[in-house]
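The next block holds one structure in the form of structure tokens; read it before the comments.
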Amino acid sequence: MMKKIRNQNKRTTFIKLFARNMVIGLLLTAVFAGVLFSAGQKYIFSQAKNELYYKASALQTSVSAEENMENRSKESLISSLRLSANYNITLSADFQIAPDYTENCTALVVITDEEDNILYSSRKGLQAVICLSKEEKESMLCNMEAFSIPELTQLEEDYYAMKNKETPDTYVHFNLLSAYVNSEKNSFIPHEAELNLIQFDPKVKREKENTKVIETKQYNITMPDKEDYILIEFDQSDLSSNYPIAVLDGFFGTDKYHFDELINDKTLQQIAIHSSSTIGGFYGISSTAGIYHSKSSIWLDGQKKFLVIVFKIDAWNSVTKPLYFRIVAIFLIIVLFIAFLDSWRRNVKNQAEYAFADYQKALTNNLAHDLKTPLMAISGYTENLIENKLSVAEKNKYLQSILDNIAYTDSIISHTLELNNIHQLNSLKKEKIHVLSLVEQVLEKYELLLDKRNISLKISGQAEIIAEPDLLKTVMENLISNAVKYTAENGTIQITICSKSCSISNTVSEKIDVTELKHPFKKGDTARSGKLGSGLGLFIADKAAEENHFQLILSCSDTEYTAKVIF
């Protein structure tokens, strides 16, 4: 039993090639996404660790400098801690990849005593720069915890509520009209204040014309016990020389909700605030988030204290998420584009190989078919000759038929070899060719035949072109041979030459279908048993013209057949 032979050269299509490359591209993208995620997280954590220890060293140096502490108030110290309760992990100067104002990304700073009681902290509060005179410019702190004033609590809540309404073309502006000020403590309590949500138009250059207030709240706060605080009204004009003036910085420090969440975290209390270690470390709270902490000794007012800094870092935050997906998407698009180009290139190559394979198969099949007829005829005539019962005239007839079939077979083989030589050309060595001289050279071998059959030959025009001489001669040989062969007696052949083309026309007895004449083994009368031609002449001429980057155009009317070569 014969086994079924599988087609080892199974053909593929562009869709299959692209699908295969796309799978590889998706796998590469998945690997890239994993590496990017891991590298990004390591980078963020590494930068956070470096900044934590840098910030701890800077704060320790600042706070422990006794000569700077003599005149420092509690409010001034708290202001320093609030301004330090942040980290700045960036990819560039203006692009933060772990901003400390996003969810699960925050920082806090506290100073504790030896009993782990919190003395000073970075819990968010209101700050302002107040200038009582040109020489007196201080950053002052509103100590909201020191006074139980409901209006202050309401002001803070309104501030955050209004901040949540901010859009790309709006911002919150806090205007301090008057305040209770204690210069010695660097402390103030707002008296009259305005909270405005302002909309601006970036297209308008003049500041007064490009903004408008879309929401406003006013406050009038009275201190129950003024103590050493003095009520001061601030100048609201645009003249910077008018004092006193105040510029509100806004609320600075660790958000109170995040601060309370972190400071009450039992794990953080154990390993950082209540820890006997003054080094610090890291612990993870999820697969993408963790807490860096540092505890160091400082001297404050001649007593040993502890400076604790905490960075809560989430590498998978509202900034890194869209950035990550954007980078992965760009990588995927590039990979798929490369996959498309590679698939297209391979498909073009495959189609050329398939076409050549089909051409070879068709050529072989047609060659076998056309050789079979003369070989059968030779075999039959030979068998008749062997019987030796034929007359001399019959023997001569059979021998002539055998010679004709051998000549026909030789013609087919010669044309096939000629076609093979065309395909084996690696490079074209072009040179200047006089077309008229080439045509006359080819026509020399047909002079006797033209005279014998009384065929009229007319040649007009001349031209010089750049071409590969052997290929151009092959084209002219086949076209002129074809014209001579298929022109009836007393017919006409007209050759017209110009700089852009060479046209060869001959008279015919009936219209010929030229649709498939340039295909191998196709003849005008479609009779494959005819011995007038091999059916390869026009096919060879067309291929030789293509190799020279020329074009062969065939046409036929009821009385005239034309083969035109476009240079």
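The values are calculated or read from the model by the stated rules, or taken from the named source; none is laboratory data. From a predicted model like this one, the values you see are computed outputs, not experimental measurements. Ideal geometry is used to build each Cβ from the backbone, glycine not excepted, and the neighbour counts take in all protein chains shown.
When K137 is tested against the conditions (1) over 29 Å from Q218 (Cα atoms); (2) outside the structural domain of H274 (by TED's automatic domain parsing); (3) touching a strand residue (DSSP E or B) at 6+ places or on another chain (Cβ under 9 Å); (4) not polar (S, T, N, Q), the lone failure is (1).
Which one of D158, D113 is more than 54 Å from the chain's Cα centre (by Cα) and at pLDDT 85 or above?
Values: D158 fails: more than 54 Å from the chain's Cα centre (by Cα).
Testing whether each residue is more than 54 Å from the chain's Cα centre (by Cα) and at pLDDT 85 or above leaves just D113.
Checking I245 against (1) touching an Asp or Glu at 6+ places or on another chain (Cβ under 7 Å); (2) farther than 22 Å from S76 by Cα: exactly one of these is not met. Which one? Evaluating I245 over (1) touching an Asp or Glu at 6+ places or on another chain (Cβ under 7 Å); (2) farther than 22 Å from S76 by Cα leaves (2) as the failure. Close contacts from the range 454-476, counting a first residue that is under 17 Å from H434 (Cβ atoms) and a second that is surrounded by 15 or more Cβ atoms within 10 Å (Cβ to Cβ) and hydroxyl-bearing (S, T, Y), with Cβ to Cβ under 9 Å and a gap of 6+ residues or different chains, come to I459/T496; S460/T496; G461/T496; A463/S501. Residue by residue through the range 350-389, note down the ones that are under 30 Å from T13 (Cβ atoms), surrounded by 12 or more Cβ atoms within 10 Å (Cβ to Cβ) and modelled with pLDDT of 75 or more. Selection gives N350, Q351, E353, Y354, A357.
Only a single criterion out of (1) touching a helix residue (DSSP H, G or I) at 6+ places or on another chain (Cβ under 6 Å); (2) at pLDDT 90 or above is not satisfied by K312, namely (1).
Residues in the range 330-350: is at least one over 25 Å from the mean Cα position of the chain (by Cα), of a type outside the set (F, W, Y) and part of a helix (DSSP H, G or I)? For the range 330-350, residues over 25 Å from the mean Cα position of the chain (by Cα), of a type outside the set (F, W, Y) and part of a helix (DSSP H, G or I): present. Please indicate, with yes or no, whether at least one residue in the range 253-271 is within 25 Å of V63 (Cα to Cα), part of a helix (DSSP H, G or I) and in contact with a His (Cβ under 9 Å, 6 or more places away or on another chain). Yes: one or more hits. Evaluating V310 against the criteria (1) loosely packed, with under 11 Cβ neighbours inside 10 Å; (2) closer than 30 Å to T267 by Cα leaves one unmet condition, (1). Within 16 Å of K124 (Cβ to Cβ) and either out of contact with any Leu (no Cβ under 9 Å at 6 or more places or on another chain) or touching a residue at least 60 places away in the same chain (Cβ under 8 Å) (or both): does that describe L152? For L152, the condition - within 16 Å of K124 (Cβ to Cβ) and either out of contact with any Leu (no Cβ under 9 Å at 6 or more places or on another chain) or touching a residue at least 60 places away in the same chain (Cβ under 8 Å) (or both) - is met. Counting the residues of the range 99-135 that are in a loop (DSSP other than H, G, I, E, B) and under 30 Å from S286 (Cβ atoms) gives 10.
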